[in-house]
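Each remark here refers to the structure printed beneath this line.
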Amino acid sequence: MNKRLVILGAGGHGRAVADAALKMGYRTIVFLDDRAAGRCIGFPIAGPLDRAEALRDGETDFVIALGDNRLRRRVAMGHDLPWARIVHPSAQISPFAELGAGTVVLAGAAVNVCARVGRHCIVNTGAVVEHDNMLEDFAQVAPRAALGGSVRVGALAQIGIGAVVKNNVAVGMGCVIGAGAVVVKSTEPGGVYVGVPAWRREKGAAG
Ligand SMILES: CC(=O)SCCNC(=O)CCNC(=O)[C@H](O)C(C)(C)COP(=O)(O)OP(=O)(O)OC[C@H]1O[C@@H](n2cnc3c(N)ncnc32)[C@H](O)[C@@H]1OP(=O)(O)O
């Protein structure tokens, strides 16, 4: 692949996305970031995020690598660009699964048969998205979190690191599921849930 990838965000997630992209065969990486300048893991930071349109050409893909779901949505809404799907070669993606544009699936993650993952989602390292899951746009599944079969994750929701969601449960839009929580019942939009079994700690931001 001779394409260039422009990564919007040069933080930790941006570096993980670059690593996956290089393993996919992208030859050239350029970062954009509003706070950092210089170089990032050896690749240039070519300016702030709003430079993205100027880097558009027929040979360049773009991806937003910002871990904050609402920020990722804001940036996506502000740009009409050819968004790439970044899938680490060690991830297991069923040929019967769907990944939306701009979605990132990192090392060792699994997206099983008939799962549908929306646009600009993150399926992080070692996460399990089981059969018939539906992840709406801008949702995120943190490292080693596991979703049982037929789980629905609302837009902008965040499933914390190592959390478990029982099969057939729905996680409401904009929910935050804390690290290590075990969700056994559907959750209300915008809530923050922690613990085993998970309980609602407070009202969060539904986006
Ligand atoms: C590659 C990557 O790094 S991807 C990112 C992975 N990271 C994650 O998944 C993080 C998930 N986030 C969490 O678990 C967070 O702790 C949240 C969202 C649940 C809460 O965050 P905050 O609102 O900042 O909570 P804060 O840290 O102030 O803690 C408030 C209280 O909740 C408790 N608490 C925080 N997180 C949890 C949790 N996951 N489970 C149980 N209790 C928790 C704290 O111990 C504290 O209790 P106290 O008031 O009795 O002292």
Inset, instruction - Would you be able to say whether some residue in the range 186-206 is under 16 Å from the mean Cα position of the chain (by Cα), part of a loop (DSSP other than H, G, I, E, B) and more than 8 Å from the ligand (Cβ to nearest atom)? - result: no
Inset, instruction - Return only the number of the condition from (1) assigned to a loop (DSSP other than H, G, I, E, B); (2) more than 16 Å from the ligand (Cβ to nearest atom); (3) open to solvent by less than 30 Å² (accessible area, probe 1.4 Å) that G174 does not satisfy. - result: (2)
Legend entry - Any hit, the range 104-120, residues being within 10 Å of the ligand (Cβ to nearest atom) and open to solvent by 10 Å² or more (accessible area, probe 1.4 Å): no
Inset, instruction - Could you figure out which of (1) closer than 30 Å to L81 by Cα; (2) free of Cβ contacts under 8 Å to residues at least 40 places away in the same chain isn't true of V182? - result: (1)
Legend entry - Subset of the range 29-80 (residues that are of a type in the set (G, A, S) and touching a residue at least 60 places away in the same chain (Cβ under 8 Å)): G67, A76
Legend entry - Count of the range 103-154 residues which are touching a Cys at 6+ places or on another chain (Cβ under 8 Å) and touching a residue at least 60 places away in the same chain (Cβ under 8 Å): 5
Inset, instruction - With the condition kept exactly as written, say whether any residue in the range 110-119 is within 19 Å of A84 (Cα to Cα) and in contact with a Phe, Trp or Tyr (Cβ under 8 Å, 6 or more places away or on another chain). - result: yes
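The values are calculated or read from the model by the stated rules, or taken from the named source; none is laboratory data. Computed from a predicted structure; not experimentally measured. Ideal geometry is used to build each Cβ from the backbone, glycine not excepted, and the neighbour counts take in all protein chains shown. Side chains are part of the model used for accessible areas, which takes the heavy atoms of the whole protein and leaves out ligands, DNA and RNA. Shrake-Rupley method; radii C 1.70, N 1.55, O 1.52, S 1.80 Å.
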